[in-house]
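The values are calculated or read from the model by the stated rules, or taken from the named source; none is laboratory data. Worth saying up front: this structure is predicted, and the values here are computed from it rather than measured. Ideal geometry is used to build each Cβ from the backbone, glycine not excepted, and the neighbour counts take in all protein chains shown.
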Amino acid sequence: MKFKPIYLLYAILLIPFLYRLWGNQNPESLEWEKLEVQSLDGQFVDLSEYKGKKVVMNFWATWCGPCLAEMPSMEEARRQLGEDYVFVLISDEPLEKIRGFKASKPDYGFEFLQLRQSINSQGIRSIPQTYIINSHGEIVDDISGMTDWARAARIESLRAVE
């Protein structure tokens, strides 16, 4: 039997579906308020203080190409949404690395935090991984992989969150 390229195409298209089905964390099981995080000055941050606010919580790393590629559109979304949202970017890398990145991107208005455990220990298997949290503290959407945050449809879906 001769190999047909169409089988390779089917496999490539099936892998993300299977990963989404079995490989990634169930967003409802992420206890985001209990994550142990600290600010870039080393102070503990109690994430439960974000209840009552809408939050875009993005898990990322400085070495992650897709993470870095989506940040300009994420910043544009942050600017368009204004005070309606808090954009929190969480990495498990050393504080110095995150501080260095933030210093190189002074126009980004995100709140950068360091996760005290590994991202993987939270059941997050790939980055960027983003959770949209409504003002009641519920995860209402999760986005695996890079996205265009400034796209009109994405902005409208964020505006529609309670």
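For ILE133, the requirement of being touching a Phe, Trp or Tyr at 6+ places or on another chain (Cβ under 6 Å), surrounded by 15 or more Cβ atoms within 10 Å (Cβ to Cβ) and among the β-branched types (Val, Ile, Thr) is not met. Of the residues making up region 128-145, those that are in contact (Cβ under 8 Å) with a residue 60 or more places away in the chain and among the β-branched types (Val, Ile, Thr) number 4. For region 60-84, the set of residues classified as of a type in the set (Asp, Glu) and under 11 Å from the mean Cα position of the chain (by Cα) consists of GLU70 only. Of everything in region 83-123 that's basic (Lys, Arg) and either within 19 Å of PRO66 (Cβ to Cβ) or touching a strand residue (DSSP E or B) at 6+ places or on another chain (Cβ under 7 Å) (or both), which residue is surrounded by the fewest Cβ atoms within 10 Å (Cβ to Cβ)? Across region 83-123, the extreme among qualifying residues is ARG116.
Any residue in region 60-83 that is within 21 Å of GLY42 (Cβ to Cβ), at pLDDT 95 or above, in a loop (DSSP other than H, G, I, E, B) and not small (Gly, Ala, Ser)? Yes, that holds for at least one residue.
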